[in-house]
Structure formats: structure tokens, C-alpha cells
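Undergrad: Here it is: the structure, laid out below.
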2 protein chains.
Amino acid sequence: MEFFFNPKGIALIGATANPLKGGYAILKNLATGFKGGIYPVNPRYDEIDGIPCYPSVAQVPDPVDLAIVFVPGRIVPQVIRDCAGRGIRGVMIESGGFAESGADGKAMQADISEFARKAGIRLWGPNCMGLVDARQQHVFSFVSPTIWESLIPGDVSLIVQSGMLSGAFLIDSMTHGTMGVNKVCSVGNKMDVDECELLEYLVRDPSTKSVGLYLESVSDGRRFLEICRKSPKPVVMLKGGKSAKGAAAAMSHTASMAGDRKVISGALAQAGVTEAKDFHQMLDICRALASFPDVRTPGNGRVAILTYSGGAGIVASDFIDGMDIDLADLSPASTEMLRQVFPEWMPVSNPVDLWPAVEQNGAEKAYGAAVRAACADPNVDAIFMHCFAGGFALTTDMAPLAAAAEKAGKPLFCWLIGKSEEARRFQTETQAVGIPVFREVYRAVECINAVFARKQVLERQRAAGKTAADPAEPAGEPLRLPESGDGVLDEYASKQVLAGCGIPVVAEEIADTAGAAAGIAARFGFPVVMKGLAPGQVHKTESGLVRLGISSATAAEAAFKALTDAMKGEGSVLVQPQVCGEAELIAGLVRDPQFGPCVMFGLGGVMAEVLDDVVFAVAPLTHADALELIGRLKAQKLLNGFRGAPPADREMLARILVRLGRLGNDYPRIREVDINPLMVAGGKPVAVDASVILSA
Amino acid sequence: MEFFFNPKGIALIGATANPLKGGYAILKNLATGFKGGIYPVNPRYDEIDGIPCYPSVAQVPDPVDLAIVFVPGRIVPQVIRDCAGRGIRGVMIESGGFAESGADGKAMQADISEFARKAGIRLWGPNCMGLVDARQQHVFSFVSPTIWESLIPGDVSLIVQSGMLSGAFLIDSMTHGTMGVNKVCSVGNKMDVDECELLEYLVRDPSTKSVGLYLESVSDGRRFLEICRKSPKPVVMLKGGKSAKGAAAAMSHTASMAGDRKVISGALAQAGVTEAKDFHQMLDICRALASFPDVRTPGNGRVAILTYSGGAGIVASDFIDGMDIDLADLSPASTEMLRQVFPEWMPVSNPVDLWPAVEQNGAEKAYGAAVRAACADPNVDAIFMHCFAGGFALTTDMAPLAAAAEKAGKPLFCWLIGKSEEARRFQTETQAVGIPVFREVYRAVECINAVFARKQVLERQRAAGKTAADPAEPAGEPLRLPESGDGVLDEYASKQVLAGCGIPVVAEEIADTAGAAAGIAARFGFPVVMKGLAPGQVHKTESGLVRLGISSATAAEAAFKALTDAMKGEGSVLVQPQVCGEAELIAGLVRDPQFGPCVMFGLGGVMAEVLDDVVFAVAPLTHADALELIGRLKAQKLLNGFRGAPPADREMLARILVRLGRLGNDYPRIREVDINPLMVAGGKPVAVDASVILSA
């Protein structure tokens, strides 16, 4: 990949002297920043803006290891062949007219891919805006050269599947003083180089402190997650095309597949990726994480709020209340420090309203005392500070405050309001000393939350490195799935599969006669449940094939007769003890087109469909993954021993989820598994009903 | 109130020549904009900046009907007396040192109130920043006179309980080109003039198109809601102090009470108020609603998304998918119109990615065709347009687009990115032609959502005006509550109260003997439930005083004995048929310190506590209120006839909720009612268990 990021020389195929065309913008951008050889290729020119132009790639002198291509799509196949002939190793195709434009373009894209693979050439694009590297001043892109007016080097690198994000949007962020950027990779149709390879490059890149991605599709979901999971750097992702309608747009836009919202969220959470939901928000989270990638305070985000407005403190507190971070309880020592700058009548509490202290002592002294107190306070992990730029005697020197916070290892965040020009200057200067600045209270608080969520991910990773391997999983006999046929296994056969891989299932037996049914029921103890298993029948309840609360031998015999009658002698009758549990859960396995086998866990029974409290993780799951998955359910109260019930056995639940994932990984024929309900009775989970669905 | 907003002459008590003091800032601000007489009062000066100064209020010449007071708190009582003596009708006290500063200040505040009430003087404040009226150039505030550099008249008026919002924050919003403002009222401690009176004034003010409020407390919740409900103009409210910890901050900040988050949200929804959550967001929603206060399109927000970036369209679609608005299905006619500016290979669909059309035809033609198509399309209610300011040949004249949208009666919203200066200019110009501009995708979409939510509120109001009165409510006998004693009525007595006001309750009888229990059970039909009603006992289940599934006379007799033994002969035994329903709900009545009696409705049983799906409305409820309340529950599926069950009788549910509210209004002694569960069996709701709690 080095020839893409640090080429020795660049051939620009499609260079032009027409200043309205992209081929001119690329040349101008190369000439402005790139230090190596620049070789425009176009038979119609001898030179452009004083740079010698070559009639074909073959004539381009050494050294040249990268070609940037900006010619109409139909010419591209020949260009690639020329590049191969010239020994060029990387080709960045920025022109469109490929898979995104219909069947012909798709076929052409496939042909080019095939050729490049054989010739050992790497392709970036097509239909993309290439690369902007603000630190090295590499702008390998047809973005307007006016970008140079505002190019600010930063710590955040981006991988984006949208031209807007590597052009117009960057200019917005940089001219507004929001942030600088490091490397911005526009991937387009990803015919060869994809987000996985770029992400691997960027997490190793010493100058990149965090990586943000905007993707409409993920080429290889499992590899992508593996890279994220191993990344020592924070990764933030905004996935476009999460809704049914959004996904429709994604397909017409870059011929890509969009996954389900919950699967994506689950997969990202599992891999330790911070999920973003909007463009600016993604950048804001990226820069917060780049500023504080590895916080080591004792607590998980106990925030001291320092404002010059009671209202700001109250609203910030309200937001903190709804997140995973907390309002800090200030220690007596820091309360005492603050009392010294406060007027006598003013009680000290968090949120700290500094206005009266500012009036009495000036901003420098009031803010200084407050930040120093928070830095020294063992009950404080982070500081939220509200600043105004542009007057009101509220200006204070931020450098010593930033230094104090850094020394204490406590992230300091600033919510800024102020006069437009002064605010932009304050933001630039304050961010330069290491304090990220935000323009909305909520955004500042959600970025604090993201920094401490990342802290917990790193702590989990470190703990996983230290603890012994996962609880030993029984190797077990390989399962014997029905040889032929596909579709739904009946409840009994499904549970045999589950039991075979160590998932606890309810005791049950097939009864061949009414007498046998009564005998089995008596053995289990009344009441029992009897079910008719008719071939191909999925909805037993709706078909009247489930009889609950059978409380005598006579009733069992009658139920047997009724069920066999209802099935017209086609199926079999299953007898189970009736399980009454304190929690009705659901667990399952699905195959996602982007991420492969995924384990689902959620609230079961009627509530599953009504409230949709289900979470996902990508298989295989570690035991820690499974525990984390269980922890993501909203209805935690139900698992914690609600209303005097024993708490659910989370270890066993985790083992069930790990085993479900293993089923998905080891048996590609198993398309889906549904355990519904997975009852928790006396704390112990047991599969009461289940279906296993096979593919052909 | 006119003497506050349009005084004939103003006495400024506490005027000073010291430019670092608030008393100078007020004078400067008055002199800059106020056209009437300005009379600074301070015995130490003959004149300040050329304005004659008076030794006392008594000497101030006519006309003078407003005094602005900025002197230390302890002098204020005398000042008020002087004002009364001079016949001044309104006093705006901007200095602090009152209720917010402890017991002494509180007492002083009470004394002043009392005096003013008797003297017929109206008081605004204290501890506030007064009034900023950008249209009339009235700045009756100690805000820094630099505010004049950026004072932009607008349509949005604000009532704020935070100085920051009427000073620094306004300067932020105006200098950034976000918006102008109309009247901004800083209410401080609200010792006399409060949000109710100001809101009444502003909804009648012809130049105000929407009102935003930031409040930490509501002085008279019921009156406030009534004004909101009747307001012909959109009202937006950000309530500070919703969380337990936020509320603690609110109390120390302005000596105010904060209510519960869910009660506030419910009350605001019921009154048709749009709830905001952050400061800038509140202003953004205010200006969106001021732009489109009364949309009359046929649909409820079918949005056409016009972007020059596929990614922007996808992310906007994803947001729309999670809200109450929809992505529009473009009509064949508008698809055809768009096809004429699209390249041949590009399919037309919504979100509309205009980039290829811009490349082919220029921005003017591409955007023009798209907006005109959307305006003409009967399937489109609103337009989301993505613009870039500052190059890329993306600039287009917004005035004709705004005119087309206005003519079609369709709100047009703009998400803008661009170079900082150009973006600010574009925003100012675009907003001037009537298109609100936003800087984040999510914010633009949530403002579209707010505009169409308001449309539904107005439609409900118009419908309520047209339909007949509420379903006739039985007048009924007045209830006889126990004469003496307070506390919890037992289940039987509680349900007698409910039945007395027309709420359906489960059949039940008290059994005096085991034989009677068996007899009652036989009459009800087995299985029955038997409960021990021990005096003062609330948690019957936890105390083992509930016996379910009693299925024979013998079992009923045994249960009677067991229950009476458990109660040691103290209580009585209740027999009920066992109700199995398809939905377990909860309903109740609580008294909120700010809003008075409130009706609660939610998901019942175990799920009530686990999932917290409960909603609130303030009593009394109209039938329409009650239906709307039911519609706010998340678990709608459960009420719609889930899995073959009949749908819940919403009319009857609504009547139950209306009657619960009436109980709260008519019987102040009823402190709380809890119906849990309110079972829905065969579609019919019935109170199965209930407690009524009386106050002394």
C-alpha cells in the first residue's frame, strides 16, 4: 500500500489544461503539495502549467509507481493495461461509469479487476475522490484546489464511501476551525482496495490517532470486525443505509448491500467500534477519541461540570443522567478549594456554577481554582467546562488548565459559545493545547460518554488478555443433521441438535399412544404440555397444536387423541413438563449477508415482538463477548433477580450463546436457529421451544 | 404588561458612569435603542454620558412608567417604595441577592412581593437580565453593549430562566448567522411576572411567530399548560432539571422545584408543546416552526430528499426512517421531470442524488428541476435540500426555489455545508427568502419532524373544535370516601371507589367463612383467585397473601383457612374469578408538585417495572387527550390485537383514563391511585387489582 500513500512518482492519466475539469484540479493539487515526480499523460499537450506532459504512460520517466486515472470509463481498461506494461504498481481510478452506472459498467469493472489481479496491479476506486493527506500535503484528488486555503493537518484519518466527505465536507470542517485531518481515503466502488486494507494501514500509521469510517457497504464483514477488534486505536463508524429505505438508496448508489440496523450495531459494539449516526458527529467523536484514546482514571466517567451559567450546568447534568457516565460527587477537599473563590452565600455543588466566583475573583482565578480542584479530586474522572469567547470578562488562559488536566490524566472538554470570529479563534487555540471544543452541550456530553465507553472496551481487552482461556467447551460428538432435505426441523429434532451441542433443553419425549402419553406425563409430573408435531408446521400455537396445563392422566390421553385427530394422523405427539419461569427470553442464530453467522439474544414471548428488545453479536463469540451481549439487553432488571426471583445464571446463558455461535460456524447447513422461549426457571435457562432451519 | 415592553419613559435606578459595571451597560443599551425618555437615577452624578442624572426616583420627570433596578439587593425594598411613591407601574429588578442567595434573600423577596402587590406595582425579576427586543431595539438589560454589533431582528421570542440564554447565547446565535430574535425575556426568580403572563403576552404579539422557553421550574403548571394548549402559535420548551441530579442543581440555582422527566414530557405533549433537549436545538426548532407554523399539505411529512451526494441522501433517509415522517414515493410525473435532467444510466429515486444531473446541466437547472418536481408532486409534503456554499459549481439562486415551495405550500429545508464565510453568508441570505438552514443532517430532519408533529397538533385541535362534546360521562353519586384516617385503602375498598366512578372492576366478593368462599367461587366459576386483605398491607404477593388458580370447592376452603391463618385473624378474604387477558396494563393517578393530578398509563405486570413504558397526562383529560395518551405508549402492537387476540377497546380505555383524571380533580383527598394490573381480556379492560391512597 505504500505506493498509494507515499509514491515515488505519479503518472496522471487524463491530465488537462482546462481549469473546469477534474483532470486539471488533480494536477494542480499534485503540483501544490507532492514532492516526487509528477507526470501528466495526455497526447494533446506538451506541457500543462509548465509541467512536461507525456503522450502515453509508456513514455513516463522513472521513478513512477502510482497512476492516477481520470478518463472516461470506457478508456480505463486500456489505461490499466498500459500501466501494467509500464510496471506501475498502484492505480487510483477516480473517474466513474463503472458498477454504479448499470450492467455494462459492472461487467467492465469485473474485467478490469480480473486483469489487475493477474498482472499484480493494485486498484483504488473507481468512482472515488482518491486520497487527501493533510500532513504530507498529498492531495491525490480532483477536489477543488481551493482546499489548500484551509488544509489543516490533524490526527484523525478517515475512510469514506462518499465523495462529499472527502471534499466539500472536509472544507466545511476545516474552514470552521472544527478540526484538521490526517489521511482521508475515498474508496468509491472498492473493486480491489477496500476498507479492510486501508483500516489495517491506518491503525499502523504512527501519525493517525483515531480512524473514522463512513461506509454504505462492508466488503468482508468478518475481516473488518477482526481488524477493528485488534485495533489499538479508536475506530468510529457511521453506516449509511441502515433503514429499509436507506438501504434501497445504498443499492442504487454504489451497488452495495446494506445490513440490518441491529446487526450492524451489535457487530460494531462487539468489535469495540464506536457507532456514529451523523457526519459532523462522527468527526466530533473521532477527535474526542483522538485526544483521549486511553484514559486510565479509576472511575468510568464521573464528570465535574464547570460553567458560568447555572442553566448550562443543569442541562449538561440532565444529559449525563441519560448516559453511562455520572455526575461526580465532589470530595470535601475540592469543595473546600472552591469555597475559597465562591461568595459566602453560595453553596458549592456539582454542577459548579462559577458565575458568582467569576464576578468576585475574575475568570482566571475562578476557572483556575475549579479546574485544579477537579484535577486533584479522586472522585472526578473528567471535566466539562463551559466557555464564552468574545468578552464578558470571561476569557481565561486555557494552556495551564490543559496542562493541569493532562498531568492529572483527566480528559477536559469544552462547550463553547461566543462571537463567531472570536469563537473560531478560541476553538483553534484551545484545541491546539489539547482540549476538544464543542458547540452543543449534547455533543460535548456524548463525546465524554464515547471516551469512557472506549475506556471500558480497552479494559475488557486487557482483562481478556490476562484471564485464562474461555471456560472449557465440551468437544462433543459431531452433530448428525438430516442427510437430505432442507427446511424446518420439527421441535423435537431441533432440540436434539441443540442438546447435542450442550444447550440445556426441556425434558421431553415422543408419545406413540395415548397410554404412553399418560405414562410419560406421570413420570414428568403434572402439569405437562403436549404438542402436535406436524410435518412442515412452524406455528403450532396458531394451529391449535399446543395444549398447556394438562393436569391428569385422563387429560393427557384426551389431549393425545385431540392432537392426533387435528394432525390427521400425520405427525407425532410430544410431551414436556410445563416450565414456569421468571423470565422468558429468546436466543437464536441468523446469517447476515455482510457479517455471516450472528447470535441473537433478547426478550422473549409476546414481549419479543412488541418491544423488540433484541441484540446481536457476530459468531464465533468468546465467553466475554457473550456476557457483554447479555449486558446489552435493555431489560437487565429481568435478569437480575426481579421481585424476589433468583438472578439468571449469566454464565450459563453466555455458554448457550457461545454454543449457538459455534453451531453457526461449524455447520454451514444450519441457516437459522430460533430458541423461543428460552425460559429462565429458578435462575437456570432452558430451551422450551426451538426450531432449527437448514438450507439445502 | 405594556409598560414592560413599550414603556413611555424609563427610570434607571443604579445607573453609573463606571464602564465595567452593569448599571452603565444598561444605560448604554437604553441610550442606543430606546426612543422614549431615559432617566438615570444616582445621587452621585449630575449626568452620565451627557444624559441628565437624578438624585432620586421622586425627581424623575414625566412620562415614566418603568423602572429598571440594578442596585444591591438590600437597597431594593426602599427603591420599590420610592417607585410606588412616584406612581411607576412596572419595576424590572435585574440585581441578585434574593431567594437564590439563601434564607435572608428569600425573606426579603417575600416582603417586596407583598408590598408591590398591595401597591399595585408589577415586578419583573429579580436576578435576571430583563428584556431584549431586537425588533424595537429595546435592550433593557445589563448585557454587554457589544450585543448591538450583532442584534438581528427575527420572528422567534424567548422566555428564559437563565441569564446566559439572554446574553452570551444570543450573541453566539446572531453572530454565527443562525437566526435573529424578537423578544427575549429573562425571568430570573419570577417573584411576580412569570412565564405564564409573558407567554400570554407573546402569543398575542403580532410580530412573534413562535415562542421558545427555557425553564427550570414552572410556577403554575396547570395555567401554563392551558395557555400552551390554546396558543395559536407554536411553543417549544426546554426544561432544565429533569434528572434527579439535574433537579438538585435546579434547586440550588433558582430555588425552584423540578418535576419528573416523564410527567413533564407527557404534560408538554398533551398541551401541543414541542419539547426540546438542548439550547441550540431549541432555537433551531423554534425557527423551523416560525417558518412553517401551519402546514396544510395532505400527508404528514412525506419528504423529497434532494442532495448532490448519495451519502447525504442515505443518512437523511436513515434518520427519517426512525421518526414519524416518511420518505416520499415520487409520482411518475416527477420521476419523468427528473429524468430529463439526469444522465441516461442514472435511475431516478428518492433520495434524489443530483450530482450527475449537476455535472450534466449545472446546479441551477438540476436543483431547479428537482425542486419544481417536488413542489408539483402530490406525494411530497416537504423538501430536504442539501447545499454547498463556496464553490464546486454548486451555487444556485435560492429565491425562486423558495418562492416555488411557498406557492406549493411545502416547507423547504436546507442542510448546508461550505466554507465558513460563504456558508454564513449563504445561510443569512437563504433564511431571508424563507428557507431555514441547518448545519447537521439530524437537526434538519428533526426540525422537519417537529413541523409535521405541529401540523398534527393543529389538526387535532381543529377536529376537537368540530366534533361533538366528549362522550357523556355518567354524573353518578358522589363517592363516599372513608371519613377519617388516611393511607392505603385495601384492594376491595379501592375497587369500590373505582367502580363508583364508572371504572370496570373484576367481579369480587368478601368471604366470611370457608364455606362462603367455596360458594362464591362456585358462583364465579373455577379457577378463582383468593386474596388476604390484611390492614395496612400493600404487597400482598410478596407476603404470600395471593392464591392463584384455585380450581375446586375444597381448594377454596383450604385457601380460606391458609389465608386467615397467615393474617392471624386480622383481615378479610377476597374471592375473584381468575382473569386471563391478552394484555396486562397499568393505569393510575399521581399528584405532581408542578402540574397537579396526572393520569398515568402504561405496560403493566412485570414488564411495567422492567421496561418502564409509561406515559403521563395532566388531569382533567378530554376523551381526545386520553386517546392521544394511549397512542403514546411504545407497546402499541399489544393494543392492536396481537397474535390473533382482539384489539383492545381504546374507547373504553380512554373512558377509564378520563374517569381516573376526574377522580383526581374532584377528590383532593385521593392522593394516588394505582390500577395494576388493568387487564385487557377479550379486548375489554378491567381493573383486577388496585389501591387508592388517601391523604390525611
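Taken together, the values in this text are just the output of simple stated rules run on the coordinates, not laboratory data. Worth saying up front: this structure is predicted, and the values here are computed from it rather than measured. Cβ: placed from backbone, ideal geometry, glycine included. Neighbour counts: every protein chain shown.
Undergrad: Which aspartates and glutamates, on any chain, are close to B:LYS531 with Cα under 20 Å apart, when same-chain ones fewer than 8 places away are left out?
TA: B:ASP490, B:GLU491, B:GLU508, B:GLU509, B:ASP512, B:GLU542, B:GLU557, B:ASP565, B:GLU570, B:GLU584, B:ASP674, B:ASP689
Undergrad: Can you pull out the GluC sites (Glu not before Pro) in the stretch B:409-467 whose DSSP state is coil and whose Cβ has at most 13 other Cβ atoms within 10 Å?
TA: none
Undergrad: Can you list the aspartates and glutamates whose alpha carbon sits under 18 Å from that of B:LYS106, skipping same-chain ones fewer than 8 residues off?
TA: A:GLU344, B:GLU94, B:GLU114, B:ASP192, B:ASP194, B:GLU216
Undergrad: To continue, here is another question. Report D for the stretch A:507-577 in µm² per second (integer): Stokes-Einstein, Kirkwood Rh on Cα pairs, 10 °C, 1.306 mPa s.
TA: Result for D is 138 µm²/s.
Undergrad: Could you size up the charge dipole of the protein assembly as shown around its Cα centre, putting +1 on the beta carbon of Lys and Arg and -1 on that of Asp and Glu, and report it in debye to the nearest 20?
TA: For the protein assembly as shown, the charge dipole is close to 760 debye.
Undergrad: Pairs of Cα atoms under 8 Å, at least six residues apart: use those to get the relative contact order of the stretch A:260-409, whole percent.
TA: 26 percent
Undergrad: While we're on this one: Residue by residue through A:636-645, how many Cβ atoms from other chains fall within 10 Å of the Cβ on average?
TA: Neighbouring Cβ atoms belonging to other protein chains average 3 per residue here.
Undergrad: I've got another one for you. Counting pairs of alpha carbon atoms under 8 Å apart in space and at least six apart in sequence, what relative contact order in percent does the stretch A:262-339 give?
TA: 21 percent
Undergrad: Same structure, new question: Take every Cα-Cα distance within the stretch B:21-65, group them into 5 Å bins from 0 onward, and report for each bin the whole-number percent of pairs it holds.
TA: 5, 22, 32, 29, 12, 0
Undergrad: How large is the dipole of chain B about the Cα centre if only Lys and Arg carry +1 and Asp and Glu carry -1, each at its Cβ, rounded to the nearest 20 debye?
TA: Using Cβ point charges on Lys, Arg, Asp and Glu, chain B gives about 820 debye.
Undergrad: With equal scatterers on the alpha carbons only and no solvent term, can you work out the Debye log10 of I(q)/I(0) for the stretch A:2-289 at 0.13 1/Å?
TA: Debye output, listed in q order: -0.86.
Undergrad: About the Cα centre of the stretch B:507-577, how large is the charge dipole given +1 on each Lys and Arg Cβ and -1 on each Asp and Glu Cβ? Please answer in debye to the nearest 20.
TA: It works out to roughly 100 debye.
Undergrad: Kirkwood Rh over alpha-carbon pairs of the stretch A:122-230, then Stokes-Einstein at 10 °C and 1.306 mPa s: what D in µm² s⁻¹, rounded to an integer?
TA: 114 µm²/s
Undergrad: Quick one: how many lysine pairs does the stretch B:292-464 have with C-alpha atoms less than 27 Å apart and a gap of 8 or more or different chains? Give me the count, please.
TA: 5
Undergrad: What does the charge count around B:ASN379 come to, taking other residues whose C-beta lies under 11 Å from its C-beta (Lys +1, Arg +1, Asp -1, Glu -1)?
TA: Charge balance near B:ASN379 sits at -3.
Undergrad: Once you put a point 7 Å from the Cα of A:GLU2 and another 7 Å from the Cα of B:SER207, both along the Cβ direction, what distance in nm separates them?
TA: 6.9 nm
Undergrad: Given all pairs of different Cα atoms, what value in angstroms does the Kirkwood hydrodynamic radius of chain A take?
TA: Roughly 29.1 Å, rounded to one decimal.
Undergrad: For the stretch B:583-694, would you read off the P(r) tail past 20 Å as a percentage of all alpha carbon pairs?
TA: Of all Cα-Cα pairs in the stretch B:583-694, 34 percent lie more than 20 Å apart.
Undergrad: So for the stretch B:128-283, if I pair up every lysine 8 or more residues apart or on another chain, how many of those pairs have alpha-carbons under 13 Å apart?
TA: 6
Undergrad: Give me the angle, in degrees from 0 to 90, between the Cα long axis of helix B:553-566 and the longest principal axis of the Cα atoms of chain B, rounded to the nearest 10.
TA: Between helix and principal axis, roughly 60 degrees.
Undergrad: Count charges around A:ALA333 for me, please; just the other residues with Cβ under 12 Å from its Cβ, Lys/Arg as +1, Asp/Glu as -1.
TA: 0
Undergrad: Hey, got a sec? Which trypsin sites (Lys or Arg not before Pro) in the stretch B:589-696 land in a DSSP loop and have at most 14 other Cβ atoms within 10 Å?
TA: In loop regions of the stretch B:589-696 (DSSP not H, G, I, E or B), the sparsely surrounded trypsin sites (Lys or Arg not before Pro) are B:ARG669.
Undergrad: Along the charge dipole of the stretch A:33-97, which of A:VAL79, A:PRO43, A:ALA67 sits closest to the positive end, that is, farthest toward it, with unit charges on the beta carbon of Lys, Arg, Asp and Glu (+1, +1, -1, -1)?
TA: Ranked along the dipole, the leading option is A:VAL79.
Undergrad: Same structure again: May I ask for the percentage of alpha-carbon pairs in the stretch B:284-340 that lie more than 15 Å from each other?
TA: Beyond 15 Å sits 64 percent of the P(r) for the stretch B:284-340.
Undergrad: Looking at B:ILE13, B:PRO206, B:MET179, which one has the Cα that reaches farthest to the positive end of the dipole of chain B (charges on Cβ: Lys, Arg +1; Asp, Glu -1)?
TA: It is B:ILE13.
Undergrad: Something else: How much space per residue, in cubic angstrom, does the convex hull of the C-alpha atoms of the protein assembly as shown take up?
TA: Convex hull of Cα atoms, per residue: 207 Å³.
Undergrad: In percent, how large is the relative contact order of chain A, given Cα pairs closer than 8 Å and 6 or more residues apart?
TA: Answer for chain A is 8 percent.
Undergrad: Please give the helix B:398-408 orientation as an angle from the longest Cα principal axis of chain B, in degrees from 0 to 90, rounded to the nearest 10.
TA: On a 0 to 90 degree scale, this one is about 40.
Undergrad: Still on this structure, please answer the following. Placing +1 on the Cβ of each Lys and Arg and -1 on the Cβ of each Asp and Glu in chain B, which of B:LEU412, B:PHE224, B:PHE3 has its Cα farthest towards the positive end of the resulting dipole?
TA: B:PHE3
Undergrad: For the stretch A:297-458, what Kirkwood radius comes out of the mean inverse Cα-Cα distance, in Å?
TA: Result for the stretch A:297-458, one decimal place: 15.4 Å.
Undergrad: Cβ under 14 Å from B:GLY97's Cβ, B:GLY97 left aside: what net charge do those residues give with Lys, Arg +1 and Asp, Glu -1?
TA: Once positives and negatives cancel, what remains is -4.
Undergrad: Which value at 222 nm does chain A reach when only helices count, each DSSP H run of 4 or more adding -39,500 (n - 2.57), with the total divided by all residues and rounded to the nearest 500 deg cm²/dmol?
TA: -12000 deg cm²/dmol
Undergrad: Could you check what % of the DSSP bridge pairs in chain B are antiparallel, to the nearest 5?
TA: 50 percent
Undergrad: For a quick size check, give me the Cα extents of the stretch A:29-148 along its three principal axes, largest first, whole Å.
TA: Over the stretch A:29-148, Cα extents along the principal axes are 39, 30, 26 Å.
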